[in-house]
Each structure stands twice: as C-alpha cells, then as structure tokens.
Amino acid sequence: MSSSGVTAEQAGKYFNEFEEEEYGAPVEERDSDSDSESEFDFDDSDDEVEDPSIFFDEEEVEEEEEMATSSVRMTSTPQKTPRKTPQKTPRRARSRSPLSEAATETRQGRWNTEKDADTAPVLSRFQPKRTPGPQIDGLAPYSPKELFLLFFSADTVKTICDNTNKYAAKNQARGKKYKWVKINTDELYKFLGLLIYMSLVQLPSVQDYWKQNHFLSVLTPAKVMSRDRFRTIMWNIHLSNPEEDVKNDEKKGTPGYDKLFRLRPVFDEILNACQAYYHPKRELAVDERMVATKAKTNMTQYMKNKPNKWGLKLFVLAESVSGYTVSFSLYTGKNSQSEHGLSYDVVMSLIQPSYLGTGYHIYMDNFYTSPTLLMDLARAKFGACGTYRESRKECPKERPNALTKKSERGSIRWIREDPLVFVKWMDTREVSVCSTIHPAFSGETVQRRMKDEEKRWIVKEIPCPTPIMAYNKYMGGVDLSDQLIQYYSAQRKTYCWYKTVFMHLIDIASTNAYILHRHLSTTKGEQPMSHKDFIVVIASQLCGVDMTGMPKNRATDHTPVPINAEQKANKARRQCRHCLQVDRLRKDTSWKCKRCDVPLCLLLDRNCFEKWHN
C-alpha cells in the first residue's frame, strides 16, 4: 500500500474502467482491433460475421471478456499506458447517422431470406397537381372527332397547312412537275381521316384505294379526294417552316443545331396536349418504343429484342393501368455532357414534378434502374421499382448466403440499404429487383408448374417477393399503349423520317382520345364504344362521310366548270375520267368537277358528270 492509500492494483482498475468508458474496449482489445479494418472495410468480399454469438455461447464470451480484463489489470499501469487517440475504433462510428450505420452493416452483411422480417420504408404522400383523370368536362357530350381534335387543334393544323403550302411552292420552284392547289384546314382534316381509314382497311398500296371495278375496289377514298391529290399532299406534307429549316441546317455541328427542328411545331403541341387533357394515376411506367423505319438518319436505332428492330426510339412515360401516353421524347443520339448517363437523364426528364406532383410510383426495367437514380427519385418524393443489373455501380455483389444455380425454385434473398431493398428470387432463372416502395416479402405466392419427387407435373404455390409482384402488375403501361396503337396504326411506308414520326403522333392522338372516351363513358355510367368502332367514327367524321359511305356535303361543291376559261374549248380539253376507267374509251371534254378536279363529259347524250358522282 502506498502512502496515498491507493494500491497499484486499485489504480490499474480505475484506469482500465476509465479507458472502457472512454473508448469502449480494454487496451489490448483495442490494440488488436486497430490492426484490422474489417469493421470499417466496405469491400463487398468481406464475409466477417457481425454477431459472434452465432458461433459462441454467451456465457463463454462473458468468461473470455473477464479473463481479458483481468490480464489487462495485472499488466497495465497508468504510467506505462500511452495516451494516444486510437484510430479506427467504434468511437468514429458514433459520429455517423443511423442510416449510414445501417448501410455500413448491410454492406458487410449477408443476404437475408424470406424468413427474415423486413419493414417497408415510409412512403411519400401521393399529392398530384390535379385530380387524376380527364381534365375536361366529364358531363359534356364529346364526339370521337372532338376528342381527337383536342390533340390536333385548329391552330396546329393551320400551322401544318401554311408550312406545307410553302414547301410545295419551294418544290415547284425546283422544277417538280405536279399540280398543286393550296391546302386548307378542312382538306388536311380529310387527309388525316383517310390515313386513319387506311389503318382500318389495309390494302397493299395507296393506289389500290382508288381502283375502280377491281377486286380490291373500295368506295370511300374516291368520295373524299382524288388519288393524285392525296399523293401530292403526302409528298409535300411539312411541319416546319422551310425557310427556318435552312437556317437550322446551317448550325449543324454546333450546340444551337436542333435535330428535331422539322418536327417541333407539331411534336411539342401533341406533347403539351397529352399532358393538358389528362392527369395520370399514381402508378406509371417508363420504357422504350420503336417506330419502324429504315430512313437514312443518324437517329435510326437497332434493338434486337423489339418487334420492330429497326426504327426511331422513343422514351415513353405511360399510365400503368390504362396505357395513356403521358410524356415522350425522341432519342437523337448520345450526350457527351451527361453526368449520370442516358438512362438517368431520360427518367428525370420524363418525371416532371411541376406537372405531375409528388408521391408517384415509377416502374422501369434494368436499362434505367440504378441505386443513384432510385435514391434521387426518393429525395424528390417519388417511389421507384425496377429490375436491375448486378454490374451496376453500388449494387450488392459477392455477399454470403447468395442464391446459386442449385437454389430451390421460390427461394428469396434480400438486402436493405436505407430506403433501398435489393431482392433476388429464383424462378426458372434468377430475377433481381430493386425498390424504394415495398418490403422484401409480405407472404405473397404464385403458382408454378413443377415436377414432384415422383417426376410428375403438379401446380405448386411458391413464395414471391412483394416488389416482383408489383413490378409484374404495373410495368406493362408502355406495352399496353403499344398494343392499342398497333391495332389501328396510320403508318404508311415513307423514307422521310419526320413523316414517320408525324404519323406516329396521329396514332398517339387517336389512342389517347379513345382512353379519354372510356373514362368519360365510365363517369357517365354509359357503355363505351369498342376501339374499332371509335376509330371508324373518327375516320368518318374527319372525312365528312356518313356511316353509309356517302359524303355529307356531296351536292354543295361538286359543280361543273370549264377546264380553262381563258382558252377556247377545242384547245383546253382533257380525257374524260369516267369514259376512260368505266367504258375504256378515250373521250375528250372541256368540263371538269370544281371540287374533284376530274375532267368529265357534260353533253346531252353523254352525262359522265352525273354518273361519276353517283
């Protein structure tokens, strides 16, 4: 005993107790820990078990700790112990947030199974900017044509007419030899109606729609406009101002060049109309859509897994339940200034909180899904779910207890990192899904045909993760939209890429109009028309032809006029169309129909004018 009344053993005891309170472990244990970085090593290959009680009994662990403490008491004194700040000790972890601690433990941890409980993250409240559904008067009687004209308004069509007339005049100045009469909005609507009609009645070529007395003959197109008029409109249809096109082409190779300039006037109008007249429900899907074309442009893509392998690629945001096309963008090539990559930029550009609101759930495939994207969406108060590729950065790799090829069908593995949950499921092959919306497993099952122990086929219930169940239910929004479009598509063969996109915009407008019709009919408690009947009514109303196939204004504009009033009759004559096609005779006439621009005989003994219009 020393003069101060404190023995060396008691002093060592007090010192060790002080060290344990300050640093959380005896000196020898801290010195051994300082040589290892396993507690803070975030390497995916680290398989260290965090809880030693899995392999050791609690009593044995307590005895070992007491022995280690006693040994420190016997060998350590306050004078010999260096007072250095320890490095890489649990004290550093105390300054971290709880989420960072959980993420650290998870990165070092193992895959959980379906027997382990998981809790879904707290979801952001669903707060849309407007009430989901049609943004028009739900009780007003909208005809199919009126719903279609919500997307092709009179102003949009007038812009197309003005630019088409300018482009036709430019072509004639170049020496193109065909007759051109300025097109107006009524005639352009009839042109659109004929394109939709051709999606219903499909013939091998455009010329077949105007054949007379032929096995393939149809009556409607010739009653709307002549074949040559339709073809000249198709040749000259132009969406942008030709004079401005020249100025834009001069900027090629500079940041001011717009690859979609020839589409802008109509492309932006249709996109704004899609967002203005309908607000989607909570579940949305993002996917690609191929518009088939082999036009020679640097925007043409090849995708081997798509039905249309060659074409222009559109990124589409659609409502999962109805297939309504909410937003879309046309892929124009790589952007070298992108920070996170194309897939990240596409989703962020389609998801507009200023228009949609917050709390939406976005479903996507493995081309888009990445932990960075899902975390940024979560910060913006959007939930997200999608399949993912294991090669993606920050996805878990090489963890203990992972699935193998020999794992039983229905096996589940999951890891949670903050709001993110990574789930793997063994079906016929391994499926990987990431979500910020769902818990890993909530007890759902699916039926699968499997062989029992006696090699007989049976139907068996196997567990299925919650994110995969939701993904299968809501991911098909864009596929549903593609399905509705391809039933009655207005696409015609053309090697001009912007005309191909223009006809696809007609398909989007007619399909979205039909979805609006279904919603309005449901609101009124009425039975909606079938998709085919709806398209038929749109085509007939745009063409100005009633359902019996007769033009509604057939007697107003069809009047005989001289072919050329400034010349004498014997010098301004053309072949009678009726005599040539019906009677197989060549008869010249100086009269024509004012509306149809067709030369027809008008004589006392031969009135081809009346026969042609009947």
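The values are calculated or read from the model by the stated rules, or taken from the named source; none is laboratory data. Remember, predicted model here, so these are calculated numbers, not experimental data. Using ideal geometry, Cβ is built from the backbone for each residue, glycine included, and neighbour counts are taken over all protein chains shown. Ligands, DNA and RNA are excluded from the accessible area calculation, which covers all protein heavy atoms including side chains. Shrake-Rupley method; radii C 1.70, N 1.55, O 1.52, S 1.80 Å.
Things to note:
- Residue 268-residue 494 FRET efficiency (beta carbon distance; Förster radius 22 Å; 0.05 resolution): 0.50
- Probe 1.4 Å - accessible area at residue 611, Å² to nearest ten: 120
- Taking θ as phi - 60° and the Karplus parameters 6.51, -1.76 and 1.60, the scalar couplings of region 139-151 work out to 9, 6, x, 8, 7, x, 5, 5, 5, 5, 6, 4, 9 Hz in sequence order, x denoting glycine and proline.
- Computed 3J(HN,Hα) for region 229-240, one whole-Hz value per residue from the Karplus formula 6.51 cos²θ - 1.76 cosθ + 1.60 where θ = phi - 60°, is 5, 4, 5, 5, 5, 4, 5, 9, 4, 8, 9, 10, glycine and proline marked x.
- Pair residue 521, residue 302: separation of 7 Å Cα→Cβ label points (nm): 4.3
- Solvent exposure, largest accessible area first (probe 1.4 Å, DNA, RNA and ligands not counted), of 303, 547: 547, 303
- Relative protection proxy for 168-180, 445-457, 267-279, from highest mean packing down: 267-279, 168-180, 445-457 (other beta-carbon atoms within 10 angstrom).
- Between residue 406 and residue 559, the modelled label-to-label distance comes to 9.2 nm, taking each label 7 Å out from Cα in the direction of the beta carbon.
- Counted charge near residue 459, where neighbours are those whose Cβ lies closer than 10 Å (Asp, Glu -1; Lys, Arg +1): +2
- Approximating the spin labels as points 7 Å out from Cα along Cα→Cβ, the residue 219-to-residue 179 distance works out to 2.6 nm.
- Under the shape rule built on the C-alpha gyration tensor, where the axes satisfy a ≥ b ≥ c, region 305-353 is oblate, since a/c reaches at least 1.5 while a/b does not exceed b/c.
- For the pair residue 448 and residue 259 in one chain, pulling the backbone fully straight at 0.36 nm per residue adds 63.2 nm over the alpha carbon distance.
- Shape of region 127-274, Cα gyration tensor, a/c cut at 1.5: oblate
- In this structure, the amide hydrogen of residue 446, modeled 1.01 Å from its nitrogen in the peptide plane, lies closer than 5 angstrom to those of 462, 464, counting only residues at least 5 positions away or on a different chain.
- With DNA, RNA and ligands ignored, accessible area of residue 310 (1.4 Å probe; Å², nearest 10): 120
- Theoretical FRET efficiency, 1/(1+(r/R0)^6), r = Cβ-Cβ of residue 597 and residue 348, R0 41 Å, to 0.05: 0.20
- Heavy-atom SASA rank of 441, 315 (probe 1.4 Å, accessible area, largest first): 441, 315
- Rolling a 1.4 Å probe over the protein chains gives residue 250 an accessible area of about 140 Å².
- Taken one residue at a time, the phi angles of region 604-614 give Karplus couplings (6.51, -1.76, 1.60, θ = phi - 60°) of 5, 9, 8, 9, 5, 4, 5, 5, 5, 7, 8 Hz. Gly and Pro are set to x.
- Between residue 358 and residue 125, residue separation times 0.36 nm minus the direct Cα-Cα distance comes to 83.1 nm.
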